[in-house]
Amino acid sequence: MARIRTSSIKAVIAAKCPKCRVGKMFVGNTYSFRKQRMNDVCPHCGFRFEIEPGYFYAAMYVSYAMAVLEVIAVAWLTYEITESESPWLYFGVLIAAILLFSPFNYRYSRLILLHYLTPKVKYNPKYEDLLAEEEDAKN
Ligand SMILES: [Zn+2]
């Protein structure tokens with residue numbers, strides 16, 4: 001029987017459920033014209049993503065840390081490229097960067113919180129094993 005083991009980093013990048021690493025946590029892409037929507041429960045294993053009411057408030061801290069790192073990186077790059085000291089250039093570039101990164105931060109702060117910062121949420125390989133068994137049964 002073929003065993004599938006999705007690594008946690010792959011599951012985070014693909015925005016998969018922290019428990020089964022099969023079901024998608026979000027509807028649609030990170031960058032689309034429609035507002036991002038998160039599934040309430042995993043479409044594959046039924047895991048409720050918001051494990052307690054207000055749980056995703058904690059994701060704001062993760063999102064804040066991500067934004068700080070992004071702003072530092074973008075400011076440094078702007079300096080390296082332009083060597084400008086105009087505060088207006090940095091102001092404009094950083095506002096644009098914050099807006100551009102915000103859908104990404106929204107999605108990945110929640111993923112990082114559930115995958116890495118919530119010890120009680122554990123990956124259970126049985127879901128991927130079940131999937132592999134179903135695949136084997138078909139062939
Ligand atoms: Zn799941």
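Readers should treat all values here as calculations from the given coordinates under stated rules, not as data from a laboratory. Here the structure is a predicted model, which means the values were calculated and not measured. No Cβ is skipped: glycine too gets one built from the backbone with ideal geometry, and neighbour counts run over all protein chains shown.
Hull volume per residue, based on the alpha-carbon atoms of the chain and their convex hull, is 145 Å³. Grouping the Cα pair distances of segment 1-57 into 5 Å bins from zero gives a pair-distance distribution of 4, 19, 22, 25, 19, 7, 2, 2, 0 percent in increasing distance order.
Taking amide H as placed 1.01 Å from N in the peptide plane, the amide H of C42 sits under 5 Å from that of F47, R48, F49, each at least 5 places away or on another chain. With 27 Å as the limit on Cα-Cα distance, the pairs of K35/K120; K10/K35; K35/K126 that go past it are K35/K120; K35/K126. Axis angle, to the nearest 10 degrees, between helix 58-82 and the longest C-alpha principal axis of the chain: 50 degrees. Can you tell me which aspartates and glutamates have their Cα less than 15 Å from the Cα of K24? Leave out same-chain residues fewer than eight positions away. The qualifying aspartates and glutamates are D40, E50, E128. Net charge of the neighbourhood of E128, taken over other residues with C-beta under 15 Å away and scored Lys/Arg +1, Asp/Glu -1, is +4. Against the chain, whose longest principal axis comes from its Cα atoms, helix 87-116 is set at around 20 degrees.
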